[in-house]
1. For the range B:209-263, which chymotrypsin sites (Phe, Trp or Tyr not before Pro) are in a loop by DSSP, counting at most 11 other Cβ atoms within 10 Å?
2. Once you order the gyration tensor axes a ≥ b ≥ c over the Cα atoms, which shape class does the range B:6-253 get: rounded for a/c under 1.5, otherwise prolate or oblate by comparing a/b with b/c?
3. Assuming a ≥ b ≥ c are the square roots of the Cα gyration tensor eigenvalues, decide whether the range A:131-208 counts as rounded (a/c under 1.5), prolate (otherwise, with a/b larger than b/c) or oblate.
4. Counting only the backbone N, which residues of the range A:439-456 are under 19 Å from the spot 7 Å out from the Cα of residue A:343 toward its beta-carbon?
5. Using alpha-carbon positions, what is the distance between the centroids of the range A:225-295 and the range A:54-104, in Å?
6. Quick check: the angle from helix A:218-237's long axis to the longest principal axis of chain A, C-alpha only, nearest 10 degrees?
7. Full-extension gain between residue B:287 and residue B:336, please, as 0.36 nm times their residue separation minus the C-alpha to C-alpha distance.
8. Report, to the nearest 10°, how far helix A:297-308 tilts away from the longest principal axis of the Cα atoms in chain A, using its own Cα long axis and a range of 0 to 90°.
Amino acid sequence: MQWEVVIGLEVHAQLSTESKIFSGASTAFGAAPNAQACAVDIALPGVLPVLNRGAVECAIKFGLAVGAKVNRRSVFSRKNYFYPDLPKGYQISQFDLPVVSGGELVIFVDGAEKMVRLTRAHLEEDAGKSLHEDFHGKTGIDLNRAGTPLLEIVSEPDMRSSLEAVAYAKELHSLVRYLDICDGNMQEGSFRCDANVSVRRPGAPLGTRREIKNLNSFRFLQQAIEYEIQWQIDTLESGGKIHQATVLFDSDKGETRAMRSKEEAHDYRYFPDPDLLPLEISGEWMAEVRSRLPELPQAKRARYISAFGLSAYDAGVLTSSKELAAYFEEVAEIYPEPKACANWVMGEISGWLNKAGIDIHDCPISSRALAGLLIRIGDGTISGKIAKEVFEAMWNGEGGADDVIESRGFKQISDTGALEKIVDEIIEGNPSQVADYRAGRDKLFAFFVGQAMKATKGQANPAQLSEILKKKLAG
Amino acid sequence: MFNSSLKELSALLSGRKTSSVELTQEFLKRIDAKNPELNAFITVDHDKSLAQARAADTLISAGKAQPLTGIPFAQKDIFCAKDWITTCGSRMLSNFVSPYDAHVIERFNAAGAVNLGKTNMDEFAMGSSNETSHYGPVRNPWDKKAVPGGSSGGSAAAVAARMAPAATGTDTGGSIRQPAALCGISGIKPTYGLVSRYGMIAFASSLDQGGPMAKSAEDLAWMLNLMVGFDARDSTSLDRPFEDYSRDLDLPLAGLRIGIPSEYFAQGLSSDVERVVLEAIRFYEKLGATVVDVSLPNTKLSIPVYYVLAPAEASSNLSRYDGVRYGYRSPEYSDLTEMYENSRAEGFGAEVKRRIMVGTYVLSHGYYDAYYIQAQKLRRLIARDFSESFEKCDVIMGPTSPSTAFDIGEKGDDPVQMYLSDIYTIAVNLAGLPGMSIPAGFGANGRPIGLQIIGNYFSEAKMLNVAHQYQKSTDWHRQMPSI
């Protein structure tokens with residue numbers, strides 16, 4: 001019997017504001033412990049929160065980008081619980097009235113398009129960090145992260161496989177970076193996923209879900225979900241029951257396991273924070289933010305297909321990150337042959353970046369330099385084959401395309417006289433092959449091309465060479 | 001000098017008849033003499049106070065004095081003051097030296113005023129008698145067997161005993177007005193949002209409001225001019241143009257419409273208080289005011305509503321006192337949960353714990369709608385009673401407290417009896433309105449009685465005018481306890 005998998009994701013995106021959501025302390029990553037925790041962050045007696053409008057603007061941008069309802073009025077609530085890295089004993093979050101309601105995101109899995117609905121997105125503050133190592137059995141508290149603004153983005157349980165879940169997470173990751181509201185750095189915890197996973201018989205009501213917390217890479221997201229699905233199916237098929245639980249993914253062992261049950265019994269006692277007025281977003285503010293929205297991945301994809309004539313696949317790959325798309329567009333602006341530009345960006349550039357394990361913004365070949373190379377292919381200075389060698393030299397810092405072509409003597413031979421002289425020598429030196437060819441062994445043509453290329457170190461203009469060979473061999 | 005108004009002290013200082021150092025020393029001497037029996041101050045620090053006094057004298061000599069420069073004020077120990085131990089009346093903060101100034105303290109400092117010391121109070125402002133303070137009860141200067149009221153009981157006793165020219169207080173359910181009434185002084189709780197709560201240790205955020213406590217309405221006006229003002233660090237602070245609260249003090253009262261709510265003269269009001277308050281109202285009629293009947297039918301709900309909302313907010317506001325970063329931490333614990341439990345069990349007193357438990361209960365899953373949401377709805381009804389009344393009158397008058405000061409220990413075992421002593425003051429906080437209390441006479445037991453004046457939003461100048469006109473023709477506010 002078949003099982004249907006049901007997955008919903010909760011993503012915490014850390015917003016790229018300079019200061020914290022309710023205080024003026026810096027949000028920069030990597031400072032010495034507690035160096036970026038002010039009186040408000042450490043919750044001294046008498047301090048009060050003041051909302052950072054920059055964080056609200058990030059939420060508005062997101063809401064507009066996913067076609068959601070940006071609520072004119074939303075409310076900050078207190079989520080009460082005790083933990084040493086939660087200085088106030090409550091987290092300021094949004095509960096029944098979030099800043100963003102609804103919305104949707106289009107994802108692509110195996111070439112097919114699918115719509116994932118969003119439930120909501122709300123603003124909240126992050127907690128600090130408890131450090132359990134290096135304190136000789138005690139716990140250290142670092143409150144630098146306390147009060148960092150987060151946008152929690154909650155999807156509907158619309159995904160049906162780990163692949164769809166990863167595609168959704170990637171699409172969201174790309175979107176928040178397009179919007180410039182989150183740096184997307186998963187290692188530093190700027191983009192964290194919680195996955196709600198359940199299984200059911202097709203057509204049956206939703207099964208009991210378990211929530212996998214704090215997945216900080218797409219690979220772990222996929223592994224954790226796959227393990228969890230199998231565990232749930234095995235449990236049910238062996239007659240067991242699934243109990244609602246919060247689980248953690250152990251990336252070393254590749255398995256999920258339930259957290260202590262103590263943490264599940266929380267009653268957070270939400271109530272509206274009396275220190276903060278309801279958040280009011282005016283129509284003017286929203287219109288102003290809308291006017292500054294960048295072109296979003298979906299629109300960009302459509303433009304690449306219609307204006308550049310690219311395939312849906314190519315358009316999808318090139319727009320998967322804002323930086324890659326920008327690189328491509330820079331190349332295509334200098335060298336307006338979009339298909340050739342796309343091939344090189346998706347082929348050589350992406351391949352070499354991958355191999356080197358670096359991002360496009362660290363690419364040693366600038367968009368301008370790549371365009372320079374493409375121009376030399378286009379104007380016949382070098383062949384496509386030679387271009388790959390030039391590319392490698394450029395990657396290794398030997399300069400621009402023209403420098404490499406010059407210094408390595410890669411210039412294509414397009415001089416008819418010179419080529420004719422070489423062809424004459426080859427015909428003279430291979431009388432039996434010439435006789436066989438003339439007797440009808442057409443396949444020998446390739447032999448002559450090979451000889452000519454060898455003689456010119458591959459620099460003969462192929463089209464021209466072929467024409468001369470045909471003429472001379474015909475006698 | 002001890003009975004001088006702020007205006008008179010200001011004149012003495014600017015006329016070089018005295019210096020801030022002399023003035024401060026005189027009051028410190030009086031505190032040293034009287035505090036052992038009254039326990040009005042938790043912290044007195046001669047060096048700090050005198051350093052401020054010397055700085056004030058320098059300003060005065062340089063001709064840079066403002067009206068309150070050089071005048072010493074007692075500060076309720078709920079206001080964080082840089083480098084001062086700020087306890088909020090609790091063992092929990094017995095070791096807390098504030099690294100920053102509350103907005104109110106900044107204002108006094110910027111005016112060149114002197115901090116005379118931190119006054120005793122009910123623990124975390126939870127109480128109506130000052131008996132919940134970790135630092136012991138304050139005694140009423142009019143009768144040392146009696147409580148001074150609370151929670152700003154230390155400030156009220158300090159001003160009544162003339163240990164300070166004036167003091168600050170905070171009022172969540174009557175904590176300025178009730179002790180002012182019980183100690184025979186004047187106090188005003190401004191409209192919610194006028195005085196910044198930044199640095200004022202939170203009890204119930206949506207109700208807490210700081211205000212002045214002094215000997216007269218005129219002094220209150222001078223202090224309000226300093227304390228009121230927008231502060232971007234408090235999101236509930238109101239951004240309004242400056243107003244001079246003393247501008248209308250001398251206006252005649254002819255035509256003033258005084259609303260008398262029948263609910264404030266019902267069962268539970270002592271005959272002494274009723275007599276004194278009615279006399280005061282008759283006096284106002286002589287001054288040209290007319291009396292109109294108004295009704296506040298939801299007054300009876302204000303205590304249950306308050307004792308849902310205030311503990312709910314308090315239970316959350318006091319969660320930060322966990323022994324982790326500052327404040328009291330139990331010396332004994334074996335794990336995190338025990339550290340929390342022991343630190344909070346030992347650091348908080350019984351009343352605070354009671355309210356944390358009530359607040360936690362009413363916010364709990366399954367009870368929230370029945371208590372918290374319901375109380376918020378009723379809060380709006382209570383506020384509506386007032387807005388309807390103010391269509392017919394300019395101010396509302398009635399008793400501040402149902403009785404004169406009770407004896408220390410008298411209500412110790414019965415929290416509900418204690419809560420009922422705030423029956424006339426709590427609704428004002430729930431509505432966010434300004435309210436004040438001025439002395440209007442004495443009970444048969446010789447203990448003071450206060451007249452409560454409630455105004456519409458932002459009508460503080462009018463209320464001070466009403467109080468000042470009464471004080472111009474009476475001398476209740478000038479009477480001093482013989483200690």
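The values are calculated or read from the model by the stated rules, or taken from the named source; none is laboratory data. Since the structure is predicted, the reported quantities are computational estimates derived from the model, not experimental observations. We place every Cβ from the backbone using ideal geometry, glycine too, and count neighbours over all the protein chains shown. Surface accessibility is based on the protein's heavy atoms, side chains included, excluding ligands, DNA and RNA. Shrake-Rupley method; radii C 1.70, N 1.55, O 1.52, S 1.80 Å.
1. In loop regions of the range B:209-263 (DSSP not H, G, I, E or B), the sparsely surrounded chymotrypsin sites (Phe, Trp or Tyr not before Pro) are B:242.
2. rounded
3. It comes out oblate by the Cα gyration axes.
4. Residues passing the 19 Å test: none.
5. 14 Å
6. Taking Cα atoms only, the helix is inclined about 60 degrees.
7. Difference between extended and current length: 11.2 nm.
8. Relative to chain A, helix A:297-308 is tipped by roughly 20 degrees.
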